[in-house]
1. Among the residues of the range 77-85, are any buried (at least 16 other Cβ atoms within 10 Å of the Cβ), at pLDDT below 85 and farther than 14 Å from residue 97 by Cβ?
2. Among 106, 98, 54, which is the only one that is modelled with pLDDT of 90 or more, buried (at least 19 other Cβ atoms within 10 Å of the Cβ) and within 15 Å of the chain's Cα centre (by Cα)?
3. Looking at the range 122-156, which of the residues that are in contact with a strand residue (DSSP E or B) (Cβ under 7 Å, 6 or more places away or on another chain) and part of a loop (DSSP other than H, G, I, E, B) is modelled with the lowest pLDDT?
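The values are calculated or read from the model by the stated rules, or taken from the named source; none is laboratory data. Values in this document were obtained by computation on a predicted structure and should not be read as measured data. Cβ placement follows ideal geometry from the backbone for every residue including glycine, while neighbour counts extend to all protein chains displayed.
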């Protein structure tokens, strides 16, 4: 599905549009530390269909935090969107944006640091998720992020 990320959207220009968070993936064998992953996300309101979306990538290089947002600014992307979420009126709001875990169309790779042991070598990295990253994004969302009651409602069969 084609999604436009507008330049003039006040929501996109606010600090609320870019997120950096973490999730707990479990406890370590030591017992006092937890195993965490990181989440980098960009929220925006698509002007044509007037719904909110959140592009999320999990467990990626932290340097993608702001470049992801800046690279998407004013672009049209091709996004993989769950059609059930798109049709569900409870999704697409500011409070519950439609998740996007894979996208194409943001162009050239960006320049980051860290390509060697010292972390001082410049490398170029494409921000569009690979197929493996897409699968990881979906599995991580379903396993650690999606509320358990919503997961049950969507995926568990009832004996009716």
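1. In the first step, residues of the range 77-85 are kept if they are buried (at least 16 other Cβ atoms within 10 Å of the Cβ); the result is 77, 79, 81, 85.
Now restrict to residues that are at pLDDT below 85: none.
Within the range 77-85, none of the residues are buried (at least 16 other Cβ atoms within 10 Å of the Cβ), at pLDDT below 85 and farther than 14 Å from residue 97 by Cβ.
2. None of the other options fit; the residue is 98.
3. Ranking the candidates gives 127 first.
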